[in-house]
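Engineer: My questions will all concern the structure given below.
The values are calculated or read from the model by the stated rules, or taken from the named source; none is laboratory data. Nothing here was measured: the structure is a model prediction, and the numbers come from that model. So basically every Cβ, Gly included, is an ideal-geometry build from the backbone, and we count neighbours across all protein chains shown. Accessible surface areas use protein heavy atoms only, side chains included; no ligands, DNA or RNA. Shrake-Rupley method; radii C 1.70, N 1.55, O 1.52, S 1.80 Å.
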Amino acid sequence: MSFVYQANPQRVIFAAGARSQAGEELDRIGVSRAMIVTTPPQADTAAAFARLIGERAGIVYPGAQMHTPTNVTEAALTAVSSVKADGILAIGGGSAIGLSKAIALRTDLPQLVIPTTFAGSEMTPILGEVERGVKKTQRSPKVLPETVIYDPELVATLPLHVAGPSAMNAMAHAVDALCAANANPVTSLLAQESIRALGRALPRLLADPNEAAWADALYGAWLAGTCLGTVAMGIHHKICHALAGAFDLSHADVHCIMLPYTAAFNRNTTPDAIQRVARALDRDDTPSALYDLMLKVEGQPSLKAIGLTRAAIEKAADLAMVDPYGSPSRVTREEVLQILFAAYDGERP
Ligand code: NAD
């Protein structure tokens, strides 16, 4: 046996109603004038947090956008200096958290993050930014949030057409972590537990969402994000980032549509890991199990259905070959094209 495992230093609080602790958690990381970052539809939620944290609120900034465009970050930095913010409170999904991280990268300000989707970005030292249609991803300890508060009551407002793909996005983190070249016993255990929790939660969320199902899904998302923050991303993430960044597609929907097909590819490259996914889902075949989940949650279950052309698939394959993420290594353009065209047609893998 041989492995390297390095944990990321973060404080995590998980409880229904835990959002009420935001003020004291800001005090703990030394923030007295917070910039409250979110996306435009969640401006009211951010305003409620401003009331909750009282005089620690510097400004509510509901300007975050999907894929963290660098021009949006530049505008936010002007707001940071004009209010003399000494920290960030990010509330929302991966888009709000992405802007928070992009500011932290450039200012080193401390971050308290309160996630409201299952994207998992809060647990990673990873930042993806889009400039002129190309998504570039980097790792830096500067972007890792100091504190994360998970409050399942906050995800319960997610519309199911957002919640389902978002939970599949989390599932993709866990599957990729099991298949990673630098997978280790800790992340593999976390990933299996994550897949179990998400696999249990998803059908309940779709049929009859209750408190326990939302909490299970958020628990699975936390575990998946923890894995993603610790191991190398693989071909699944590379293809999704190339596609979503180039064509401004929903990050979660692309992950959800691609996952059965990248799992089918990984069934050949990392068969043991893919078998562990099947066991966690209590099924015989991983790609088929993921395909069934994908069909349940995705309104437009193929790349063709979301409007991509065959020319777009060729372009995405080119982009996916630039700066590979590392595991599994040496994927050819031909293999990437095969994966993409399978997801384009949307047949059972
Ligand atoms: P998102 O943050 O854009 O959220 C999707 C939509 O749901 C938005 O309109 C948002 O306002 C709304 N929303 C969020 N929470 C809600 C709630 N509880 N109730 C009602 N509406 C709510 O999308 P996402 O999928 O969470 O994040 C995608 C972004 O995150 C992408 O930019 C992606 O690159 C990034 N990401 C980064 C990492 C990382 O580790 N760096 C990991 C995963 C995702």
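Engineer: Suppose we filter 213, 217 for residues that are part of a helix (DSSP H, G or I) and in contact (Cβ under 8 Å) with a residue 60 or more places away in the chain; which single one remains?
Structural biologist: 217
Engineer: Let me ask something else about it. Report, ordered by the first and then the second residue, all pairs with beta carbons closer than 6 Å, sequence separation of six or more or different chains, a first member in the range 1-21 that is more than 30 Å from residue 213 (Cβ to Cβ), and a second member that is open to solvent by less than 70 Å² (accessible area, probe 1.4 Å).
Structural biologist: Close Cβ pairs satisfying both conditions: 3/184; 5/184; 5/186.
Engineer: Right, another one. As an exercise: evaluate residue 272 against (1) touching a residue at least 12 places away in the same chain (Cβ under 8 Å); (2) open to solvent by 20 Å² or more (accessible area, probe 1.4 Å) and give the number of the one condition it does not meet.
Structural biologist: (1)
Engineer: Identify, from the list 128, 133, the residue that is within 12 Å of the ligand (Cβ to nearest atom) and either over 22 Å from residue 37 (Cβ atoms) or open to solvent by 10 Å² or more (accessible area, probe 1.4 Å) (or both).
Structural biologist: Of 128, 133, the one residue that is within 12 Å of the ligand (Cβ to nearest atom) and either over 22 Å from residue 37 (Cβ atoms) or open to solvent by 10 Å² or more (accessible area, probe 1.4 Å) (or both) is 128.
Engineer: Just need a number here: residues in the range 1-25 that are more than 26 Å from residue 186 (Cβ to Cβ) and part of a loop (DSSP other than H, G, I, E, B).
Structural biologist: The number of residues fulfilling the criteria is 2.
Engineer: In this structure, is residue 48 touching a residue at least 60 places away in the same chain (Cβ under 8 Å) and more than 26 Å from residue 230 (Cβ to Cβ)?
Structural biologist: Answer is no for this residue.
Engineer: Can you confirm whether residue 100 is modelled with pLDDT of 95 or more and within 25 Å of residue 322 (Cβ to Cβ)?
Structural biologist: No, not satisfied.
Engineer: Which residue is farthest from the ligand (Cβ to nearest atom), if the candidates are limited to the range 27-47 and must be surrounded by 15 or more Cβ atoms within 10 Å (Cβ to Cβ) and more than 23 Å from the chain's Cα centre (by Cα)?
Structural biologist: 33
Engineer: Moving on to the next point. Considering each residue of the range 136-148, count those that are closer than 21 Å to residue 67 by Cβ and either in a strand (DSSP E or B) or open to solvent by less than 10 Å² (accessible area, probe 1.4 Å) (or both), and give that number.
Structural biologist: 6
Engineer: Additional query: Just need a number here: residues in the range 149-182 that are more than 11 Å from the ligand (Cβ to nearest atom), open to solvent by 30 Å² or more (accessible area, probe 1.4 Å) and small (Gly, Ala, Ser).
Structural biologist: Going through the range 149-182 one residue at a time, the tally reaches 1.
Engineer: So which pairs qualify, if the first residue must be in the range 167-196 and in a helix (DSSP H, G or I), the second must be of a type in the set (Asp, Glu) and open to solvent by 20 Å² or more (accessible area, probe 1.4 Å), the Cβ gap must be under 6 Å, and the two must be at least 6 apart or on different chains?
Structural biologist: none
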